[in-house]
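The structure appears below as structure tokens.
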Amino acid sequence: ILASRDMILALAITTIFNTMWMVSGSFWGLFVTGTLLIPEHYLAFFPILRSIVIAFFLFFVQPKLERFGFRNPMLIGLVLFVVSTTLLILTPTEALWLLLISIFIDALAYGFVIPRSDSLTQLLIEPSERARIRAIMMVIVLGISFPFGYIAGWLSEMDRRLPFVLCGLLMILVFTVIASSKKRLLAIQKEHAPE
């Protein structure tokens, strides 16, 4: 894994995304109910709304984006993630409508980023050893990302918005990694373009 630049790129992307999802998933509900004072009975509806938007995007928008490859849609999705996270951080108490807009933008960003991130990671891994390398990579990813749960908890004790500031910084980091890998991502796109 460490001898291949492609696999290091795949490892970096996977690690950053995994850390983002872990931090966001762990602290989102606490932030929404504890800081924004949104009633707890609404929490069950937010994932449903998000899933509906993601499903619509994947079925009706995603096929039209195939010709754009990996890089640009992922960069657009990451910008949307940053917008969604910034909106979440700036949402005033009990502003349910702003929270819904943040969830909608987050779901759009997910539709842009995740299918490409998953397929890109698979393409970057050596095909003959894909299953074994993927398993080893996931162990490395978990090892690198688990301290961020503690860091995010410590940040949350100071201010419940701070874990999402951390997520925003991680999004900017993965944006930089993907933006700086233009040549390799374009080469992968050409290698796997349909004939």
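In this structure, G69 does satisfy being at positive phi and either open to solvent by 30 Å² or more (accessible area, probe 1.4 Å) or among the small types (G, A, S) (or both).
From the list A3, A12, which residue is modelled with pLDDT under 90 and in a helix (DSSP H, G or I)? Checking each option against the conditions leaves just A12. Among the residues that make up the stretch 35-47, is at least one of them within 19 Å of the chain's Cα centre (by Cα) and of a type in the set (V, I, T)? Checking the stretch 35-47: not a single residue is within 19 Å of the chain's Cα centre (by Cα) and of a type in the set (V, I, T). Going through (1) open to solvent by 40 Å² or more (accessible area, probe 1.4 Å); (2) over 20 Å from L142 (Cα atoms); (3) in contact with a Gly (Cβ under 8 Å, 6 or more places away or on another chain) one by one, V53 falls short only on (1).
A quick yes/no check of all residues on (1) over 20 Å from K64 (Cα atoms); (2) modelled with pLDDT under 90:
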site: L88; (1), (2): yes, no
site: D106; (1), (2): no, no
site: P115; (1), (2): no, yes
site: S119; (1), (2): no, yes
site: L124; (1), (2): yes, yes
site: R134; (1), (2): yes, yes
site: V139; (1), (2): yes, no
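Residues that are closer than 30 Å to K183 by Cα and open to solvent by less than 40 Å² (accessible area, probe 1.4 Å) are absent from the stretch 21-43 altogether. Criterion applied to I8, I48, I16 was being hydrophobic (A, V, I, L, M, F, W, C) and more than 26 Å from G143 (Cβ to Cβ), and the one residue passing it is I48. Restricting attention to the stretch 87-98, the residues that are surrounded by fewer than 16 Cβ atoms within 10 Å (Cβ to Cβ) and part of a helix (DSSP H, G or I) add up to 4.
Quick grid of which residues meet (1) in contact with a helix residue (DSSP H, G or I) (Cβ under 6 Å, 6 or more places away or on another chain); (2) polar (S, T, N, Q); (3) open to solvent by 90 Å² or more (accessible area, probe 1.4 Å):
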position: I133; (1), (2), (3): no, no, no
position: M138; (1), (2), (3): no, no, no
position: L142; (1), (2), (3): no, no, yes
position: I151; (1), (2), (3): no, no, no
position: W154; (1), (2), (3): no, no, yes
position: P163; (1), (2), (3): yes, no, no
position: G168; (1), (2), (3): yes, no, no
position: T176; (1), (2), (3): no, yes, no
position: I188; (1), (2), (3): yes, no, no
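Those helices (runs of 4 or more DSSP H) of the stretch 107-195 in which at least 2 residues are under 18 Å from the mean Cα position of the chain (by Cα) and within 23 Å of Q62 (Cβ to Cβ), considering only elements entirely within it, cover 162-179.
The values are calculated or read from the model by the stated rules, or taken from the named source; none is laboratory data. On a predicted model such as this, the values are computed, not experimentally measured, just so you know. No Cβ is skipped: glycine too gets one built from the backbone with ideal geometry, and neighbour counts run over all protein chains shown. Note: areas computed on protein heavy atoms with side chains; ligands, DNA, RNA excluded. Shrake-Rupley method; radii C 1.70, N 1.55, O 1.52, S 1.80 Å.
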